[in-house]
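K.L.:
The following block contains the structure, expressed as structure tokens.
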Amino acid sequence: QVQLVESGGGLVQPGGSLRLSCVASGITFSRYVMFWYRQAPGKERELVATITSDGNSLNYANSVKGRFTISRDNAKNAVYLQMNSLKPEDTAVYYCDARWFTREYWGQGTQVTVSS
């Protein structure tokens, strides 16, 4: 059974930081490209960050460049999203996504709320 479990969300003030984690089980994690997406109420799901299977290539949405950092630890079957200088517009449910060829798996999401 494949599971992706996100954690680390919560309520934070503008300018604050959070670190999201996504731990996978039931897959050979080191094969998978990993993605972080987010979805705000009433909006479409947005790709936030991507990391290749070996961790050597990273990509970010323009809206988060310079503030968010994606990383992974293949020994721990985990991918992370370090989020700094958070803004109210970062408020959303954040999801991790694992892809390898035609196989794709999603986590259940973790809520991030940025508000004073």
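K.L.:
What spacing in nm lies between the two simple spin-label points modelled at E46 and V2, each 7 Å away from Cα in the Cβ direction?
P.N.:
My value for the distance between the label points is 2.7 nm.
K.L.:
On to the next question. Could you bin all the Cα-Cα distances of segment 1-67 into 10 Å bins starting at 0 and give me the percent of pairs in each, rounded to whole numbers?
P.N.:
16, 45, 32, 6
K.L.:
Something else about it: I'd like the accessible area for K87, computed on protein heavy atoms only with a 1.4 Å probe and all protein chains in place. Round to 10 Å², please.
P.N.:
It works out to around 80 Å².
K.L.:
On to the next question. Determine, from the Cβ-Cβ distance of E89 and S57 and an R0 of 30 Å, the FRET efficiency 1/(1 + (r/R0)^6), rounded to the nearest 0.05. It would help to have the intermediate numbers written out before the result.
P.N.:
Working: r = 26 Å, r/R0 = 0.88.
E(calc), rounded to 0.05, equals 0.70.
K.L.:
Next question. Give me the tail of P(r) for segment 61-116 as a percent: Cα-Cα pairs with distance above 12 Å.
P.N.:
75
K.L.:
Another question, if that's okay. Can you list the residues of segment 1-42 with backbone N under 11 Å from a point 7 Å past the Cα of Q111, pointing along Cα to Cβ?
P.N.:
Output list for this probe position: 10-11.
K.L.:
How big is the charge dipole of the chain about its Cα centre, in debye rounded to the nearest 20, if each Lys and Arg gets +1 on its Cβ and each Asp and Glu gets -1 on its Cβ?
P.N.:
100
K.L.:
Which listed residue (T52, I70, P41) has the Cα farthest towards the positive end of the charge dipole for segment 1-70, taking +1 on Lys and Arg C-beta and -1 on Asp and Glu C-beta about the Cα centre?
P.N.:
It is P41.
K.L.:
Could you work out the local net charge near R38, counting Lys and Arg as +1, Asp and Glu as -1, over the other residues with Cβ closer than 12 Å to its Cβ? Walk me through the numbers on the way to the answer.
P.N.:
On the way: positive: K43, R45; negative: E6, E44, E46, E89, D90, D97.
Every neighbour counted, the sum reads -4.
K.L.:
Can you give the translational diffusion coefficient of the chain in µm²/s, computed by Stokes-Einstein from the Kirkwood radius over Cα pairs at 4 °C and 1.567 mPa s?
P.N.:
Values: Rh = 14.1 Å.
Estimated via Stokes-Einstein, D reaches 92 µm²/s.
K.L.:
Sort Y105, Y37 from largest to smallest accessible area, using a 1.4 Å probe on the heavy atoms of the protein chains.
P.N.:
On the way: Y105 65, Y37 35 Å².
I get Y105, Y37, largest accessible area first.
K.L.:
With r as the distance between the Cβ atoms of Q82 and R31 and R0 = 30 Å, compute the FRET efficiency 1/(1 + (r/R0)^6) and round to 0.05. All intermediate terms of the calculation are to be shown ahead of the outcome.
P.N.:
Working: r = 24 Å, r/R0 = 0.79.
Taking R0 as 30 Å, the efficiency between R31 and Q82 is 0.80.
The values are calculated or read from the model by the stated rules, or taken from the named source; none is laboratory data. Here the structure is a predicted model, which means the values were calculated and not measured. Cβ: placed from backbone, ideal geometry, glycine included. Neighbour counts: every protein chain shown. Just the protein is used for accessible areas: all its heavy atoms, side chains included, with ligands, DNA and RNA removed. Shrake-Rupley method; radii C 1.70, N 1.55, O 1.52, S 1.80 Å.
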